[in-house]
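Written out below as structure tokens is the structure these notes cover.
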Amino acid sequence: ILMEDIFLKTSDGVRIAADIYDVARPKGWVVFLHMMPAMKESWRGLAQAFVREGYAGIAIDLRGHGKSVHREIYTADHEPLDYQKFSDEEHQRSILDVEAAVAHCVSQGAKPDQISFIGASFGANLALQYMCAHPEFLTAILLSPGLDYRGIIAKPLACTLHEGQRVLFVSSFDDDGNAKEVQELYEVTPPGVKKDIIFYETAGHGTMMLAREPALQSCIIQFF
């Protein structure tokens, strides 16, 4: 069941729009974090595939994207949030959006080890950042993570992943050098982490890879 227009509130007062993918007695919960520019709807096909496998999901519009453009106290003289005008520091506060999505899953009965992350591009770096800070969360799928997106520097993060965590890296060789960056991240990920890597030739960037390489969807589900 897809319920649209759920709003979460972040700790700094931003209203985050979310699509909730409900499952009765879920095997687990998946938090979907989109790339820029994109919105929560970019995950719809994959999220519905996870529902069919018994996983609940939450896909959010990161602050400044889609419907996540207002603070909790909104007045006429407040400009709507627009990611295109954000400083790097404002982009980095998107980690609070991830916290809000996780808090929603916990409110539904999820334990940290039952909550996984799937992120694309900037969203992949956010997922990596969150997993490194919270080792009780075990699984992330990273589509086109980069060494530095908006000041979220991925290499030191990948070095601090914890034993028992699981990470799948995905990239494409036609994506402006991203494959080389992803290979670097894979190599610095510690040996106690269960890691795998998938490269495509011409699949593009982030969630574009799901459209261009239909088999990727089942590879992601199999990794779970």
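The values are calculated or read from the model by the stated rules, or taken from the named source; none is laboratory data. Bear in mind that the values here come from a model prediction, so they are computed numbers and not experimental data. Positions of Cβ are backbone-derived with ideal geometry, glycine not excepted, and every protein chain shown enters the neighbour counts. The accessibility values were calculated without ligands, DNA or RNA, using every heavy atom of the protein model including side chains. Shrake-Rupley method; radii C 1.70, N 1.55, O 1.52, S 1.80 Å.
Quick rundown of the values:
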read-out: Selection count, segment 104-115, where residues are open to solvent by less than 10 Å² (accessible area, probe 1.4 Å) and either polar (S, T, N, Q) or in contact with a helix residue (DSSP H, G or I) (Cβ under 7 Å, 6 or more places away or on another chain) (or both); value: 1
read-out: Of the criteria (1) part of a helix (DSSP H, G or I); (2) within 21 Å of residue 33 (Cβ to Cβ), which one residue 187 fails; value: (2)
read-out: Qualifying residue in segment 198-207 (condition: in contact with a Pro (Cβ under 9 Å, 6 or more places away or on another chain) and surrounded by fewer than 18 Cβ atoms within 10 Å (Cβ to Cβ)); value: no
read-out: Segment 125-158, residues that are in a strand (DSSP E or B) and either of a type in the set (A, V, I, L, M) or in contact with a Phe, Trp or Tyr (Cβ under 9 Å, 6 or more places away or on another chain) (or both); value: 139, 140, 141, 142, 143, 149, 152, 153
read-out: Set 52, 44, 71: member being of a type in the set (D, E, K, R), surrounded by fewer than 20 Cβ atoms within 10 Å (Cβ to Cβ), without any contact (Cβ under 8 Å) to a residue 12 or more places away in the chain and over 17 Å from residue 150 (Cβ atoms); value: 52
read-out: Single condition residue 217 does not satisfy, out of (1) open to solvent by less than 10 Å² (accessible area, probe 1.4 Å); (2) of a type outside the set (Val, Ile, Thr); (3) in a helix (DSSP H, G or I); (4) closer than 22 Å to residue 45 by Cβ; value: (1)
read-out: Residue satisfying condition, being farther than 21 Å from residue 223 by Cα, open to solvent by 10 Å² or more (accessible area, probe 1.4 Å) and within 19 Å of the chain's Cα centre (by Cα), within set 88, 19, 12, 61; value: 88
read-out: Failed criterion for residue 210 (all others in (1) outside any loop (DSSP other than H, G, I, E, B); (2) in contact (Cβ under 8 Å) with a residue 12 or more places away in the chain; (3) of a type outside the set (Val, Ile, Thr); (4) closer than 17 Å to residue 125 by Cα hold); value: (4)
read-out: Counted residues, segment 134-180 - those being of a type outside the set (A, V, I, L, M) and open to solvent by 40 Å² or more (accessible area, probe 1.4 Å); value: 19
read-out: Residue within segment 96-117 that is under 19 Å from residue 186 (Cα atoms), under 11 Å from the mean Cα position of the chain (by Cα) and in contact (Cβ under 8 Å) with a residue 12 or more places away in the chain present; value: yes
